[in-house]
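Below is one structure, written out as C-alpha cells, with a few remarks after it.
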Protein chains: 4
Amino acid sequence: MINVRTDLAIEAREMYIKKHNRNKEIDGVIVEEEQEGDIKFSTVKIKDEEGAKKIGKPIGNYITIDIPEFTVYDGGIMDSVANVLAKVLERLIHVDEKKTALVVGLGNWQVTPDALGPKVVEKIMVTRHLQVVMPEAIDESVRPVCAIAPGVLGITGIETGEIIKSLVEKVKPDLVICIDALASRRVERVNRTIQISDTGISPGAGVGNNRKEISEKSLGVKVIAIGVPTVVDAATIANDSIDLVIDELISKVSSGKEFYNMLKDIDRNEKESLIKEVLSANVGELIVAPKEVDMIIEALSKIIANGINMSLQPNMDMEDINKFLS
Amino acid sequence: MINVRTDLAIEAREMYIKKHNRNKEIDGVIVEEEQEGDIKFSTVKIKDEEGAKKIGKPIGNYITIDIPEFTVYDGGIMDSVANVLAKVLERLIHVDEKKTALVVGLGNWQVTPDALGPKVVEKIMVTRHLQVVMPEAIDESVRPVCAIAPGVLGITGIETGEIIKSLVEKVKPDLVICIDALASRRVERVNRTIQISDTGISPGAGVGNNRKEISEKSLGVKVIAIGVPTVVDAATIANDSIDLVIDELISKVSSGKEFYNMLKDIDRNEKESLIKEVLSANVGELIVAPKEVDMIIEALSKIIANGINMSLQPNMDMEDINKFLS
Amino acid sequence: MINVRTDLAIEAREMYIKKHNRNKEIDGVIVEEEQEGDIKFSTVKIKDEEGAKKIGKPIGNYITIDIPEFTVYDGGIMDSVANVLAKVLERLIHVDEKKTALVVGLGNWQVTPDALGPKVVEKIMVTRHLQVVMPEAIDESVRPVCAIAPGVLGITGIETGEIIKSLVEKVKPDLVICIDALASRRVERVNRTIQISDTGISPGAGVGNNRKEISEKSLGVKVIAIGVPTVVDAATIANDSIDLVIDELISKVSSGKEFYNMLKDIDRNEKESLIKEVLSANVGELIVAPKEVDMIIEALSKIIANGINMSLQPNMDMEDINKFLS
Amino acid sequence: MINVRTDLAIEAREMYIKKHNRNKEIDGVIVEEEQEGDIKFSTVKIKDEEGAKKIGKPIGNYITIDIPEFTVYDGGIMDSVANVLAKVLERLIHVDEKKTALVVGLGNWQVTPDALGPKVVEKIMVTRHLQVVMPEAIDESVRPVCAIAPGVLGITGIETGEIIKSLVEKVKPDLVICIDALASRRVERVNRTIQISDTGISPGAGVGNNRKEISEKSLGVKVIAIGVPTVVDAATIANDSIDLVIDELISKVSSGKEFYNMLKDIDRNEKESLIKEVLSANVGELIVAPKEVDMIIEALSKIIANGINMSLQPNMDMEDINKFLS
C-alpha cells in the first residue's frame, strides 16, 4: 500500500478533516494561529487520547513555523525565523537554565536532504566540556550543552534510539532536543515548515515508518523534537497526480453510474500498480527535492542552530553566542 | 505545455514509434543491437533528413550503452562498461592519435546530479601542457589532451557555447568531447544509460531546451557528445501518472462515448493545470533522483573518465594511465 | 635556492628595507596608512621604474587590508571588511558603471586553500546574460557582470592566461577582476590580509613563480587583482627557524671571529640541505595552514564576493544584491 | 615545552635509541621486520614494564606497515596494502568469527586530515542490524559488525571515551577496532605508515596529549587501534629545523668551549620562544600536510576499510564484500 504517512501533525489533522468532511475542529484538538512580525506559526494541541487517536500522534503540543518565501541569502528573514524558533522552544523548555541539554542531530550526513540534523549539530554552542577543560572561559550563567550526530542504522548497525539511550544514561542530561529531516506529503511544505513538538519522535501510525521511539517515555528525560520536511517521496507525486485526475473525473459524473464505479475501482485496486509502473520499482528509493538542495539545507541548519542556541542560553545574546562559536 | 523533450535518441525513436503505432523501423533510421560480455549497447543511425525530422535529432550515430544493474562499489562491472565505452568512442574518433583533444565537462559542480561533466574532467589524463612544462615525462606516443569545466550560464553569465568556441579558437584542438548530465523521460534510465553521439550537442526539437549548439558546425571541429540521464523532472512523473490513468480508463470505454470524450478532454486541456496543482508551482525546479545520488555520480564519472582516457591514448593501457594520473 | 618570493608588495618592501637596513622609504615608493572604523589598510604606491625594480613589482597601487583577529562567525567584522574592500575597489575601478566586468576566480577548487577564487566566483552577482534571457528582471542601472573559474594548468592542460585571453577576446569586457590565493612569507599574514592591486597578476621577480602574466598589457583591458595569502610553504617555516637561530647566535658573537664565520657559512652554503633534511624532500609539496582552513576560506570568499558585488553595482545596496542572488 | 610526543611506537623507539646512543635493542623490546610482496612491515613487541617505561607505551604489539611510494589512483598497491593490513589484523583478533565487532572512527569529519576515522566508518560492511531487519540477506557465517563515528570533544562536549564506553555497555561487542589520524614527528611518515596495535589508544607519555584511554582496561573488551599519521605540527618543523642547525654547529666546536655552551643554552632555554616567534602564536593551530590531502585521505580510508572488512569476515572474499556494500 502506498504510504500516506505524514510526520507533520498539521498535515495529519488536515488529512483527517478532509477525509471525514468535517467543518469543525476535531474533538480533543485545539488549533491556534499566531504571528510574530512576518512569521506565522500555529499550534496543534492534542489534549486527550481521542484527539491522539484521530490524528495519529501522541498527546502534546505541535508548533509549525511557516518560513516565508525566503532566499538562502536573505539574512534578515533567516534571523526572524530563528528568533521565532527560539521563542517557541522557550515555551516548551521548562528546564532550569543551569541544567544540561543534549542536542541530537538525526539523519545521514552523506545524503544531502537527510543531513539537516548533523549540520545543525556542527553549529551548536557546545559548553558541557568547558567546566573541565577551560573553566575560565565560561561563567556560571552558561548552560552545559552537549551534542551528537549518531548516524543512521544502515551505517552504524545500531538502532539510533539505542545509541541515544546509552548516552543519556551516561551523560544524564535534563533535556534532549532532536533535529530530524522529515518526509512531507505536500510539495509546498518542503523546506518551508519547521515543526517543534514536546512529544519526542514516535513511530507514526502510518506504514513504512520503522523509526524507534525517542521520547520521554523511552529515555526518561524531557524530549523536544524539531523537524523540517526536506523531501517528498516520488511515489507521493505519482499518487497525488492519480488522485487528482480521479477526483476531477468523479466530480463530473453521477455516483452509482458505470464510470463512477470504474473510477472508484481504480482508486481501490489498481492505483498501486499504476504507480509502480510509472516509477519502475527497480531503481531504488527515488526522492523529489529542489535542485539547490545543498544550499537550502545549509541555510536551514543555520536557522535552527541559531534558534536552539538562543533558547538554551537565555543569558546570552546572539552576538555573545557568535563570539563564543568562533 | 509540459515538456516531453528527451535528450536520448533511443527514447525519441520509441516515442515516435509509439505515437504513430508503427510496427516497423522509421524510414531513414537504422537500429542495431550489440553485446560485449554482459554489456548491451545499441546504435541508432539517423541516415537522412527524413529520419532526422521524425526523431528530432541531427543526422548521425547515437550509441546507447546499458549499464547493468550495478553497484557503485562493483569495480568489475565498472571496468567492463568503461571498456565498452572506450571501444564505442574509438569507432567515432577518426582523428590521428597525435592530434589534440579537448574534453569539456558541461554542468554545474554545485548541484550534484548536474556535476557529472565537471567530475569527469577532474579524472581526465591531461597532457597538452607537458611538452612545455616537463617534456621528459611523456614520449611521442602520448596524445595532447586538455580539458575544461566551463560552468553554467547562471553562474558565469556567459553562454557555455561562447566559452568553448573562444577556447577552441585559441587552443585549436582536432577533436572535442563533451560530457553532460541529461534529463530522461523515463525513471528506469536514470544513471543506467550512457549515450554517445557524433553529432555534438544540439538544441532539441522540444520545448524548454535553451542550450546552444555545440557541434562541428558551430565549432569547426569534430564534436563527440557523451551524456547520462541523471534526473527526471518531477513534472514528468506527474504527467506520466496522469497519462497512465487516462490510458487505462480509455482502454475500458468505447470511443466516442461521453466519458471517452471527457477523458480526451482532460488529456488535451486540463492536464497541465492538474500537474501544477500537484507540484504547487511556487517551489522552484523540483527534480527526482535516487537518494544515493552523490555516490552514483562519483562512480559514473570514473567509468566515463576511464573510457575517454583509454580511447584517447591507444598506446597506453589502464595501468600506465593510472600511474600517469597519480 | 629556497624561494623567498612573496606575492605581497608590502612584504617585498619590508624585505627590501630590512635587507638594506634602510631607515627611510625606498625611492620611487610611497606608503600611506588609513583606517576605516576598526579596519586598517595601507597603500604601497610604486611610482617609477626605480621603485618597481627595488620592490620587484610593476608600477602601480597595492592596497593591503588587515583583517582584525576575526572569527569566521562574526558577521559584523565580515561586513566591515567587505565595505572597506568595496571602497578600495571603487578607487581603482575607473570604468563607467554601464561597462561590462569579468570576474576571474583563479585556483584549484579541489585543494581547499587554493579554492578561494572559485569560491568567490560562486557568490558573484552575475548579470551579463540577463539582458537576453530575462530583460524584465534587471533595469538599466545594473552593470553587466560575468565570471569564470578557469581551473589550473595541471587539470586543464591549458595555461590559465590563454583561457582568460581567449574569453576576453570573445566577451570584450572593459574590466577584469582576478581573485587568487597567494603564498605568504609570514605565518601571521595567512588569511589575515587582502591585497588589491591595479597592476594585474605578474610573474614575480622571485624563483619558482611560473604563473603567466594576467595584466592590462597581456589582455588589453584594465585588470585588478585581489589576493589573500592562505598558506605558507613548509620550507619557509624551516628556513625562518634556521634564520632565527643563526641571527640569534650572530648577535651574541663578534664579527670576524671563528664562530661568526661558521654561522655566516651555514647561512650561505648549508641552509638548503638542512631544510631538505627536515622536510625529507620526497613527500611532495607540503603546505602549512590552519586546521580550520575549510571554514576560513568559505568566510573569506563571502567577504570578497560582497566587496566586489558592492563595488561593481554602485546603484544597488547589499540588500538588493542579496535579493538578486537568491 | 615543545611537544615531542609521537603516537608511533616505532618512532618512540628510534627516539629513545638516538637519545641514549644505544647500539643494541632496548631491553624488554623485540623488533621484527617482515615483507609480503612489495609491502614491508615491522613489529615492535613491548614485552615487559621495563620496555613499556622506556618507550612510553603500554606492553603489547605495535605493527607498522610501510605504504610504498604510492599514488592515490594505483588500485594494485592499494589492494596489496589492504591485504597485508587484513593479515596483520587477523593475527591480533583472537575473537570467534561469530562474535560482534564495533568499529570506531575517531576524529573530526570537518577537518580533512582528521577525517580518516569517520571516512573509514562510512566504508565498513555493517551487518549487526540485519539479523533483525532482513535476516534473509545474510547467512550464519557473517559476523555481526557495527560502527560509529562519535565526533570530537570540541563538537560534542562529551569525552569520546565516555561515548564509546556507554555504547559498549549497551551493545556489548566482543571486539572494538578504533581508527584514528595521528600526528607524526617526521614528515616522511605522513600518510605513508599504518600502525596497528593491540593495546588500544592510551594517553601518551608526552605533553599535550589529552586523549582519554580507550583500551581493554577502560572498556572491558579487547581493543585494537589502527592509526595513520596524517599531519605534522608546524611547531615540529620549526623545532626540527632549529635542532638540526644546533646539532650541526655543535658537531663543529669542541665541548666546554664558549660557543658550545651558548649552543647548549639555546637548546635548553630559548628554543621555545624562537619557535613561537617563527609561528607567531596568535594564528591558532597550524598543521603541515600535503597539498592533495583530500584525495590521499579518501584513498587511505578505502585501504583501511578494505583491510578491516576482510579481517572481520573471514568467510567472505573481497568480491562478496563489495556486492554486499552496494
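Could you work out which residue, out of C:ASN23, C:ASN306, C:ASN108, moves most in a Gaussian network model of chain C, that is, has the largest mean-square fluctuation with Cα springs under 10 Å?
Per the Cα network of chain C with a 10 Å cutoff, C:ASN23 tops the list.
Using a simple charge model, +1 on the beta-carbon of Lys and Arg, -1 on the beta-carbon of Asp and Glu, nothing else, what dipole does the protein assembly as shown show about its Cα centre, in debye to the nearest 20?
The calculation lands at about 0 debye.
What's the average, rounded to a whole number, of partner chain beta-carbon atoms within 10 Å of each residue's beta-carbon in B:36-44?
0
Quote the relative contact order of chain B in percent (integer), defining contacts as alpha-carbon pairs under 8 Å separated by 6+ residues. Could the numbers behind the result be given before it?
Details: 571 pairs, mean separation 70.9, N = 326.
Rounded, it is 22 percent for chain B.
Say R0 is 45 Å: what FRET efficiency, to the nearest 0.05, do B:GLN131 and C:ASP243 get from their beta-carbon distance?
Details: r = 39 Å, r/R0 = 0.86.
So, using R0 = 45 Å, E works out to roughly 0.70.
Which of the chymotrypsin sites (Phe, Trp or Tyr not before Pro) found in region D:2-62 are in a DSSP loop and have at most 11 neighbouring Cβ atoms, other than their own, within 10 Å?
none
Could you give log10 I(q)/I(0) at q = 0.15 Å⁻¹ for region D:20-160, computed by the Debye formula over C-alpha point scatterers of equal weight, without solvent?
-1.11
Which value in Å does the Kirkwood hydrodynamic radius of region C:183-278 take, with 1/r averaged over all unlike C-alpha pairs and then inverted?
16.3 Å is the Kirkwood radius here.
Could you pull out every residue, at least 5 positions away or on a different chain, whose amide H is within less than 5 Å of the one on B:LYS212? Hs are placed 1.01 Å off N in the peptide plane, and Pro or chain starts have none.
B:GLY161
For chain A, what ratio Rg/Rh do Cα atoms give with a Kirkwood hydrodynamic radius?
My calculation puts Rg/Rh at 1.01.
With the cut-off at 18 Å, tell me which of the pairs B:LYS302/B:LYS323; A:LYS24/A:LYS47; C:LYS212/C:LYS302 have Cα atoms farther apart than that.
C:LYS212/C:LYS302
Counting other C-beta atoms within 10 Å, and keeping those with at most 15, which DSSP coil GluC sites (Glu not before Pro) do you find in region D:53-135?
Of the GluC sites (Glu not before Pro), the ones in loops of region D:53-135 whose Cβ has at most 15 other Cβ atoms within 10 Å are D:GLU69, D:GLU97.
Measuring label to label, 7 Å along Cα→Cβ, what does C:MET318 give against each other copy in nm, shortest first?
1.2, 5.3, 5.4
Run the label-point distances for D:GLY154 please: 7 Å along Cα to Cβ, every other copy, nanometres, shortest first.
2.7, 3.2, 3.5
Total accessible area buried between chains C and B, 1.4 Å probe, in Å² to the nearest 100?
Interface area, both chains combined: 2400 Å², rounded to the nearest 100.
Helix-derived [θ] at 222 nm for chain B: sum -39500 (n - 2.57) over DSSP H runs of at least 4, divide by residue count, nearest 500?
When only DSSP H runs of four or more count, the value is -11500 deg cm²/dmol.
What is the angle, in °, between the Cα long axis of helix A:234-250 and the longest principal axis of the Cα atoms in chain A? Nearest 10 is fine, range 0 to 90.
Roughly 40 degrees between the two axes.
Along the three principal axes, how long is region B:236-283 when you take its alpha carbons, biggest first, rounded to the nearest angstrom?
Cα spread of region B:236-283 along its principal axes, largest to smallest: 40, 16, 10 Å.
How big, on average over all directions, is the shadow cast by the Cα convex hull of the protein assembly as shown, in nm²? Show your work: numbers first, answer last.
Details: hull surface 212.3 nm².
One quarter of the hull surface, i.e. the mean projection, equals 53.1 nm².
Can you tell me which lysines have their Cα less than 22 Å from the Cα of C:LYS264? Leave out same-chain residues fewer than eight positions away.
Within the straight-line cut-off, C:LYS264 pairs with C:LYS18, C:LYS19, C:LYS252, C:LYS276, D:LYS252, D:LYS257, D:LYS264, D:LYS271.
Using DSSP, restrict attention to beta bridges with both residues in chain C and report what percent are antiparallel, rounded to the nearest 5. Mind dumping the intermediate values first?
Details: 25 of 44 bridges.
Restricted to chain C, the bridges split so that about 55 percent are antiparallel.
Among the DSSP beta bridges whose two residues both lie in the protein assembly as shown, what percent are antiparallel, rounded to the nearest 5?
Rounded to the nearest five, the antiparallel share is 60 percent.
Using a 10 angstrom cutoff on alpha carbons, build the Gaussian network for chain D and name the most mobile of D:ASN191, D:ASN269, D:ASN315.
In this elastic network of chain D, the residue with the biggest mean-square fluctuation among D:ASN191, D:ASN269, D:ASN315 is D:ASN269.
What residue of chain B has the nearest C-beta to the axis that moves B onto D, and what is that distance in Å, given as a whole number?
B:GLY75, 4
Taking a 26 Å limit on the Cα-Cα distance, which of the listed pairs D:LYS87/D:LYS222; C:LYS57/C:LYS217; A:LYS123/C:LYS40; B:LYS54/B:LYS165 fall beyond it?
A:LYS123/C:LYS40; B:LYS54/B:LYS165, as the Cα separations exceed 26 Å there.
Pick out which of D:LEU167, D:LEU300, D:LEU182 has the largest mean-square fluctuation in a Gaussian network model of chain D, springs linking Cα atoms closer than 10 Å.
D:LEU167
Give me the residues in region B:176-200 whose solvent-accessible area, probe 1.4 Å, is reduced by at least 50 Å² once all protein chains are included instead of the chain isolated.
Residues of region B:176-200 that lose at least 50 Å² of accessible area once the other chains are added: B:VAL187.
D:GLU36's amide H: which non-local residues (gap 5+, or another chain) put their own amide H closer than 5 Å, with H modeled 1.01 Å from N in plane and none for Pro or chain starts?
D:PHE41
With label points built 7 Å along Cα→Cβ from the Cα atoms of C:ILE59 and B:GLU140, find their separation and express it in nm.
That separation, rounded to one decimal, is 4.9 nm.
Could you pull the copy-to-copy label distances for D:LYS24, with points set 7 Å along Cα to Cβ, in nm to one decimal and sorted shortest first?
Here D:LYS24 shows inter-copy label distances of 7.3, 9.7, 10.0 nm.
The values are calculated or read from the model by the stated rules, or taken from the named source; none is laboratory data. None of the values given here were measured: they were computed from a predicted structure. Don't worry about glycine lacking a Cβ; one is built from the backbone with ideal geometry, like all the others, and counts go over all protein chains shown. Heads up: the accessible areas ignore ligands, DNA and RNA and are worked out on the full protein's heavy atoms, side chains in. Shrake-Rupley method; radii C 1.70, N 1.55, O 1.52, S 1.80 Å.
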